[in-house]
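Enquirer: Starting off with a structure, shown below.
The values are calculated or read from the model by the stated rules, or taken from the named source; none is laboratory data. Computed from a predicted structure; not experimentally measured. Glycine also receives a Cβ, built like all others from the backbone with ideal geometry; neighbour counts cover every protein chain displayed. Quick note on the areas: whole protein, heavy atoms, side chains included, nothing else; ligands and nucleic acids left out. Shrake-Rupley method; radii C 1.70, N 1.55, O 1.52, S 1.80 Å.
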Amino acid sequence: MTYVRKFVEAVLAYTKAPQVVIIGHSMGVTLGRKIIKGGNTVDHVQGNYTLGASLHDKVKLFVGIAGANFGLTSCYGST
């Protein structure tokens, strides 16, 4: 998730734009919301880490299409 956050920050720095528009689909909606929100997070690869401050003031519009609203669900032990 940090690479997506760094990409948004790099776009802002490179373009010198005051805000960006972010469009996400499926898991991109879940990731997009979290990178905009910032703060502490945890995942199975990186463990506990922080994404930094909120980007709410840097995002003009966020479009989420068919989002995975509760993250990724894995069904363990099902047949």
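Enquirer: Taking the conditions exactly as written (modelled with pLDDT of 95 or more and of a type outside the set (S, T, Y)), does Q19 satisfy them or not? First the steps, then the outcome.
Expert: Values: modelled with pLDDT of 95 or more: yes; of a type outside the set (S, T, Y): yes.
In short, yes.
Enquirer: Let me ask something else about it. Need the failing condition index for S26 against (1) over 11 Å from the mean Cα position of the chain (by Cα); (2) hydroxyl-bearing (S, T, Y); (3) on the phi < 0 side of the Ramachandran plot, just the number.
Expert: It is condition (3) that S26 fails.
Enquirer: Considering the stretch 6-27 alone, what residues qualify as being under 22 Å from N69 (Cα atoms) and open to solvent by 30 Å² or more (accessible area, probe 1.4 Å)?
Expert: V21, I23, H25, S26, M27 - these are the residues of the stretch 6-27 that are under 22 Å from N69 (Cα atoms) and open to solvent by 30 Å² or more (accessible area, probe 1.4 Å).
Quick grid of which residues meet (1) outside any loop (DSSP other than H, G, I, E, B); (2) within 15 Å of Y3 (Cα to Cα):
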| residue | (1), (2) |
| --- | --- |
| Y14 | yes, no |
| V21 | yes, no |
| L31 | yes, yes |
| I35 | yes, yes |
| G52 | no, yes |
| D57 | yes, no |
| L61 | yes, no |
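Enquirer: All but one of (1) within 16 Å of R5 (Cα to Cα); (2) at pLDDT 90 or above; (3) among the hydrophobic types (A, V, I, L, M, F, W, C) hold for V42, so report the exception by its number.
Expert: With (1) within 16 Å of R5 (Cα to Cα); (2) at pLDDT 90 or above; (3) among the hydrophobic types (A, V, I, L, M, F, W, C) applied to V42, the lone miss is (2).
Enquirer: Please go through (1) at pLDDT below 95; (2) surrounded by 12 or more Cβ atoms within 10 Å (Cβ to Cβ); (3) not hydrophobic (A, V, I, L, M, F, W, C) for Y3 and return the number of the only condition it doesn't satisfy.
Expert: Exception for Y3: condition (2).
Enquirer: Six or more apart or on different chains, Cβ under 6 Å: which pairs go from a residue in the stretch 31-57 that's open to solvent by 50 Å² or more (accessible area, probe 1.4 Å) to one that's hydrophobic (A, V, I, L, M, F, W, C) and in a loop (DSSP other than H, G, I, E, B)? Could you list them?
Expert: If the second residue must be hydrophobic (A, V, I, L, M, F, W, C) and in a loop (DSSP other than H, G, I, E, B), the pairs left are L31/M1.
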